[in-house]
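Worksheet: the structure to be examined is printed underneath.
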Amino acid sequence: MIGRAVRWYGAKDLRLEPVSLPPPGAGEVLVRVAYCGVCGSDLHEIADGPHAIPVDRPHPLSGTVAPLTLGHEFSGEVAATGPGVAGLPAGAPVAVEPNYRCGRCTACREGRTEVCAGFGFAGLMGDGGMAEYALVPSYMVHRLPDGFDLAAAAVLEPAAVALHGIRRSTFAAGQTAVVVGLGPVGLLVCALLRDAGAARVIGVDPAPVRRQLACRLGADAVLGPDADVPSAVEQLTGGDRAHVAFEVAGSQDAVDIALSCLRTGGELLLLGLVEKLMLPAFDMVNAELRLTTSVGYRDCHPELVGLVTGGRLDLSALVSEVVPLADAPAVLLDMAAGTPTGIKTLIRCAGGVDGGDTTT
């Protein structure tokens, strides 16, 4: 099978080129990709990578070394399957959960595949879905109900990051939560908290368009980071402040804001990626604050699909732009060089032929 793919050769070096894929082997699925989302991780690799992309030694599970095909947020239809794959007939709509797992390490044996010793993502550590076709292990593939919107399905991956973060936290229905950073994952945290019965969801972000969408998705109040956020949260909660604060921006400033919103005994959940942080340990100990981290996801896709089909989660609301695969290298280079103004950009690949390119 030969199809076009967006290939990463180095920082600022993207090429749309034909790629020859072998027939799927045992336990593999060939996916005709419909849509692939653009993630901040992709843009970091394009701007000044490599960060996660293997360039000297192949990744231990994918066996891949650069150049490789980008894209880890993708959906499509089954084109073919290899021996031993059941329940995925040709033409079935699917979403891809792109994390590799070895099945042998301590974490995998304990069911914590998101921290597998050989962890990696198709699209960053192996060939991904910014292409007409993608070949992936069958354990990555989730069959979707017939008629499921494949553009929305490409947003299931960041939604899984959000859901796993909430599961990792101590959040319970009836509590107040603050979400600092309203990019796609932060927005989805807001939506999922609302569905889970939060008493109040308060979002913090500098971008007005993101604050507006947060309100649409379930936030009760939104604030800019230049506001007196702790005082505003106290006023909104009658002095109680928040039970849980989700940091989804990956910055020291965002962590400081999140901590300032917590009540005694509250919890800071780190979802954003940042190399180092300074924490006020004395104050945290005296207030018995919890610090929890979250990465990736596991076993989230079935629940999310149920929320979407039940009308309780609108993933399409996050899609701000759809561009064709032929334009992807230029669009990605522009996005990596500047500050994206939209929420979620999708690349329309081979299977995304059910509508024109749009900007919403």
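Taken together, the values in this text are just the output of simple stated rules run on the coordinates, not laboratory data. What you see is a predicted model; the values in this text were computed from it and never measured. No Cβ is skipped: glycine too gets one built from the backbone with ideal geometry, and neighbour counts run over all protein chains shown.
Net charge of the neighbourhood of LEU135, taken over other residues with C-beta under 9 Å away and scored Lys/Arg +1, Asp/Glu -1, is -2. The GNM of the chain, with springs linking C-alpha atoms under 10 angstrom apart, assigns the highest mean-square fluctuation among GLY310, GLY103, GLY250 to GLY310.
Pairwise Cα distances in the chain exceed 27 Å for 46 percent of all pairs.
The trypsin sites (Lys or Arg not before Pro) of region 37-140 that meet both conditions, a loop assignment by DSSP and at most 13 other Cβ atoms within 10 Å of the site Cβ, are ARG104. Packing around the peptides 144-151, 83-90, taken as the average count of other Cβ atoms within 10 Å per residue, puts them in this order, highest first: 144-151, 83-90.
Starting from one equal scatterer on each C-alpha and no solvent at all, send me the Debye-based log10 I(q)/I(0) for region 170-293 at q = 0.10, 0.17 Å⁻¹, two decimals. So the normalised log intensities are -0.25, -0.76.
Positive contributions from Lys and Arg (+1) and negative ones from Asp and Glu (-1), summed over other residues with Cβ under 14 Å from the Cβ of PHE246, come out at +2.
Seen against the Cα atoms of the chain and their longest principal axis, helix 184-195 is set at about 60 degrees. Inter-part distance, region 217-239 to region 285-352, computed on C-alpha centroids, equals 25 Å. Cα-based values for region 14-159, radius of gyration first and Dmax second, are 14.6, 42 Å. Loop-resident trypsin sites (Lys or Arg not before Pro) (DSSP state other than H, G, I, E or B) in region 248-305 with no more than 11 further Cβ atoms inside 10 Å of their Cβ: LYS276. Within region 207-360, the proportion of Cα pairs with more than 22 Å between them is 58 percent.
If you take every residue apart from THR170 with its C-beta less than 10 Å away from the C-beta of THR170, what net charge results, scoring Lys and Arg +1 and Asp and Glu -1? After counting each charged neighbour, the total is +1. Rg then Dmax, both in Å and based on the Cα atoms of region 98-195: 15.7, 45. The dipole here belongs to region 170-293: it is taken about the Cα centre, uses +1 on the Cβ of Lys and Arg and -1 on the Cβ of Asp and Glu, and is about 360 debye.
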